[in-house]
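The values are calculated or read from the model by the stated rules, or taken from the named source; none is laboratory data. What you see is a predicted model; the values in this text were computed from it and never measured. Every residue, glycine among them, receives a Cβ derived from its backbone with ideal geometry; neighbour counts consider all protein chains shown.
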Amino acid sequence: MELPDDLRYTKEHEWLRLEGDDGVVGITDFAQDALGDVVFVELPAVGATFAQGQVFGVVESNKTVSDLFAPVSGRVIAVNQVLRDEPEHVNADPYGAGWMIRLAVARRDEVDALLDAAGYRAHIAREQGK
Amino acid sequence: MARRTPLFDAHRALGARLVEFAGWEMPLCYRGAAEEHRAVRERCGLFDVSHMGEIELRGPAAAAVCQELTVNDVRRLRIGDGQYTVLCNERGGVLDDLIVFRLGPERYLLIVNAANAAADYAWICDRAGQRAVVIDRSAELGLLALQGPEAELALRTLTALDLGGLRPFTALEGTVAGVKTIVSRTGYTGEDGFELLSAAPDAPPLWAAVLEATRRRDGLPAGLGARDTLRLEAGLPLCGTDMDETTTPLEAGLAWVVKLDKGDFVGRAVLAEQAARGVARRLIGLELAEPGVPRHGYAVWRDGAAVGTVTSGTRSPTLGTYIGLAYVTAGAAAPGTPVAVEIRGRRVPARVVARPFYRRVRREE
């Protein structure tokens, strides 16, 4: 399982990559593997704003429907339109072509409070140990 | 504790993702359901379907009992023939769908769904009474399904049986990879293919040999995930999901197996009346006009009125579109009818389409 060191993570299995004042958001390698083949991703409109922890979209595999949670508060400045017709990128390249939304990050301290790769790895280990 | 097929260790060795299905611990996929789906459509894929039940009826009245309990006409079966059929209750509701093979003059084998096997057996025993010997052979048999356009080429390398002469829904007994097997030209994927019935202890060596032959044709082992999207593209209803005791085979679009003129059978009165008056609802195919997954239980709308309910849905790996099966009122069932599927409060435009969604191209030999 791939967990890049330059990303921040949530306990709900989203990742965030800080690029200047923007945060790019997707779901982790662990999450895509657990879902199985992703068949649909529902994403918000550009301009929508979300508070940290709010549901910003939905990802579906044949097995399940899962909410996507905003890792931090912010306004959506771009969404990955390619996923509309090619949701399989979420499985094939979760940290690259499978990105979901780009947020204008409202509060930098929320980013700093997210898990780092080691923290997320420990979180997964605890969840799997249950 | 979930039950395990004789091939459980083989699945684990292949790194399968295992899930519980109908009380069995089964492979959902090995490498990925979409890839396995594609392998079956383009080349071949091998499934373990040993979780399915096998019920044998024997004796001079075995045919009469089959005739009374199933909707299709078993008198049409010569030895070695099989037919798709349905087990109905008195109200014409679907207890299970199955394939019945005539293995001998007075010997029939029913291949039934895993989830219903125990209930089917109890129902058949109860109805048969002393008239026929009814044996639940589910635990003593293994069942593999090799499916895909290259299934015959793959299997040919392992047997001297005349596979080319084996017509759809017929079976032959013989040896495959040194294992005593009943080979039938059947499956539930919309592709050409075979099902291989063997004694449970012989299933692992048979699986190993057939898997090797499958891989030589660039095929893959395939799990329940691919099996579900394959059968859905082929427009084939899944018992327990698309039909159950509250739906009749006529409503499910299975009128072609209901032989009302064969004499009396369980459920006939209700089915005959339904056939005469016309069904009030029908299982239809849906295709969404935009991305979205129609799921079991979602409402179907037409012109602002609720006209039905989705029973299955997926993104079609072959077509790339979003498809589903749904029961809708007869007035909304014609192909081309514009409808909408309610997905999380939003009505996504869709239209009724003819089943199957996918039809295989028959290749010239």
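Structure data summary
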item: Filter result for the condition that a residue is more than 22 Å from B:ALA34 (Cβ to Cβ) and at pLDDT 95 or above, over B:ARG346, B:ARG315; result: B:ARG346
item: Residue selected from the stretch A:47-61 under the condition part of a strand (DSSP E or B) and more than 17 Å from A:GLY98 (Cβ to Cβ), by the criterion nearest to the other protein chains (Cβ to nearest Cβ); result: A:VAL55
item: Test for B:ARG185: is it basic (Lys, Arg), more than 14 Å from every other protein chain (Cβ to nearest Cβ) and touching a strand residue (DSSP E or B) at 6+ places or on another chain (Cβ under 9 Å); result: yes
item: Sole exception among (1) over 20 Å from B:ALA203 (Cβ atoms); (2) among the charged types (D, E, K, R); (3) not in a helix (DSSP H, G or I) for B:ARG127, by number; result: (3)
item: Output for the stretch B:172-200, where each listed residue is surrounded by fewer than 24 Cβ atoms within 10 Å (Cβ to Cβ), in contact (Cβ under 8 Å) with a residue 60 or more places away in the chain and of a type in the set (A, V, I, L, M); result: B:LEU172, B:ILE182, B:ALA200
item: Helices (runs of 4 or more DSSP H) enclosed by the stretch B:203-321 - at least 2 residues per element that are away from every other protein chain (no Cβ under 14 Å) and surrounded by fewer than 24 Cβ atoms within 10 Å (Cβ to Cβ); result: B:203-216, B:268-277
item: Residues of the stretch B:326-344 classified as more than 14 Å from chain A (Cβ to nearest Cβ), buried (at least 16 other Cβ atoms within 10 Å of the Cβ) and either without any contact (Cβ under 8 Å) to a residue 24 or more places away in the chain or closer than 22 Å to B:ALA252 by Cβ (or both), total; result: 8
item: Strands (runs of 3 or more DSSP E) lying entirely in the stretch B:1-86 (those with 1 or more residues that are closer than 23 Å to B:THR186 by Cα and touching an Asp or Glu at 6+ places or on another chain (Cβ under 9 Å)); result: B:24-29, B:45-48, B:53-58
item: Residue match in the stretch A:73-85 (condition: among the basic types (Lys, Arg), facing chain B (nearest Cβ under 10 Å) and touching a Pro at 6+ places or on another chain (Cβ under 7 Å)); result: yes
item: Residue within the stretch A:71-91 that is assigned to a loop (DSSP other than H, G, I, E, B), within 14 Å of the chain's Cα centre (by Cα) and surrounded by fewer than 17 Cβ atoms within 10 Å (Cβ to Cβ) present; result: no
item: Some residue of the stretch B:45-62 being under 29 Å from B:GLU233 (Cα atoms) and free of Cβ contacts under 8 Å to residues at least 40 places away in the same chain; result: no
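Let's see how each residue does on (1) in contact with a Ser or Thr (Cβ under 9 Å, 6 or more places away or on another chain); (2) of a type in the set (Gly, Ala, Ser); (3) within 14 Å of another protein chain (Cβ to nearest Cβ):
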{"position": "A:ALA31", "(1), (2), (3)": "yes, yes, no"}
{"position": "A:PRO44", "(1), (2), (3)": "no, no, yes"}
{"position": "A:LYS63", "(1), (2), (3)": "no, no, yes"}
{"position": "A:PHE69", "(1), (2), (3)": "yes, no, no"}
{"position": "A:MET100", "(1), (2), (3)": "no, no, no"}
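Yes/no per residue for (1) at negative phi; (2) hydrophobic (A, V, I, L, M, F, W, C); (3) within 21 Å of the chain's Cα centre (by Cα):
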| residue | (1), (2), (3) |
| --- | --- |
| B:ALA269 | yes, yes, no |
| B:GLY278 | no, no, no |
| B:ALA305 | yes, yes, no |
| B:ARG360 | yes, no, yes |
